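Reading through the structure tokens given below for one structure.
The values are calculated or read from the model by the stated rules, or taken from the named source; none is laboratory data. What you see is a predicted model, and the numbers here were worked out from it, not measured in a lab. Note that each Cβ is placed from the backbone with ideal geometry, even for glycine, and that neighbours are counted across all protein chains shown. The protein model used for the area step is the full one, side chains on, heavy atoms only, and it has no ligands, DNA or RNA in it. Shrake-Rupley method; radii C 1.70, N 1.55, O 1.52, S 1.80 Å.
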Amino acid sequence: MLAALWAEPRPGNPPVRVWRDWALVAVLVAGSVVETLLREDKAWAPLVLSVSLVVAACLLWRRTRPLAAVAVAFGSLLAFDIARIVAVDATGLQSIAGVLVLPYALLRWGAGREAALGLGIILTWLPVTFIANPASPAEWVAGYGFFLFSAALGAAVRYSTSSRVREIEQVRLRQRNELARELHDTVGHHVSAIAVQAQAGRALSAADPERALATLVTIEEEASRTLKEMRALVGVLRDGTDADLAPAGAWRTSSGSLAPEARCWASACRSPMTSMLSTQQSAPPST
């Protein structure tokens, strides 16, 4: 199971950046600037502001590059917290709370290995930031709870969407199977009848052209009926109006007489059929 989770690919077609993403980043950037200007301690203000701006910028790539966004954002926070432990006497801005969106995006849009690596980065940063900014056990639990809840929410949305997509694919597969069955049972029957009528018309064309013409009319009607039924079956799979595929009046002119194409067809069939019948009549009986 762990191997399957590790090898799980990314979900397809992540949404592109929309106005909400830019609005979120703009709010975080504006909040960081305002908070920096209002702080009394401005000794490390450029460094603190830079870290906040990096975190805000990473949110723009949280869907298309979730692991890279997590690595850059939490890597910057990790380096900043290590610097706070070693030498820098400064606290981060409140606007870095935007990083709570990244665990959600990581589990929602990242591949299995990306999710595992990204969670490792986040879980590595959390104890370091609590060391840099001492907190009570309750605050530790709350901090881990916030980030893990964000990741769990992303995973839940991901698998819910995947289940819905699989259900839609199963419905489409059932529709295709039903359509294939209908085509086989209904259209196949009519096509077989058309083939039989065509053979009969070919056999009658030499001896009785009028009966051959009647056979052509029957073929025309059967073909029109078949195409109508085919359009009814295929129409459920596409939108818009159907094309006029029926060969209405294909073998007759507007006055009802035999069309030139039909006369050519009858003439073309008469010669070989006449020769075949003559050969059969002149052939000696078999013993």
(request) Report in % the part of the accessible area of region 1-93 that belongs to carbon and sulfur, leaving out ligands and nucleic acids; probe 1.4 Å. (result) 71
(message) Whole-Hz ³J(HN,Hα) for each residue in region 52-66, computed from phi via Karplus 6.51 cos²θ - 1.76 cosθ + 1.60 with θ = phi - 60°, x for glycine and proline: what do you get?
(response) 5, 5, 5, 4, 5, 5, 5, 5, 6, 10, 5, 8, 7, 9, x
(request) Amide H neighbours of Ala206 under 5 Å, at least 5 residues apart or on other chains, H built in the peptide plane: list them. (result) none
(message) If packing is taken as the average count of other Cβ atoms within 10 Å, what order do 59-70, 11-22, 120-131, 153-164 fall into, highest mean first?
(response) 59-70, 120-131, 153-164, 11-22
(request) Count charges around Val128 for me, please; just the other residues with Cβ under 15 Å from its Cβ, Lys/Arg as +1, Asp/Glu as -1. (result) -1
(request) State to the nearest 20 debye the size of the charge dipole of region 13-135 about its Cα centre, where the only charges are +1 on K and R beta carbons and -1 on D and E beta carbons. (result) 500
(request) Work from the charge dipole of region 77-162 (Cβ charges, +1 for Lys and Arg, -1 for Asp and Glu, about the Cα centre) and give the residue of Leu78, Leu106, Ser162 farthest towards its positive end. (result) Ser162
(request) Report ³J(HN,Hα) in whole Hz for each residue of region 44-50, in order, from the Karplus equation J = 6.51 cos²θ - 1.76 cosθ + 1.60 where θ = phi - 60°; Gly and Pro get x. (result) 10, 4, x, 5, 5, 5, 4
(request) State in Å² the accessible area per residue of region 127-174; use a 1.4 Å probe, count heavy atoms of protein chains only, and round to the nearest integer. (result) 67
(request) Quick one: what are the phi-derived ³J(HN,Hα) couplings along region 87-96, Karplus 6.51/-1.76/1.60 with θ = phi - 60°, whole Hz, x for glycine and proline? (result) 9, 7, 9, 8, 10, x, 7, 5, 5, 6
(message) Counting only other residues whose beta carbon sits under 10 Å from that of Pro11, what net charge do I get with K and R as +1, D and E as -1?
(response) +3
(request) May I ask for the distance between the Cα centers of region 125-139 and region 155-195, given as a whole number of Å? (result) 55
(request) Determine, for each peptide in 101-107, 112-118, the mean count of other beta carbons within 10 angstrom over its residues, then list the peptides with the highest first. (result) 101-107, 112-118
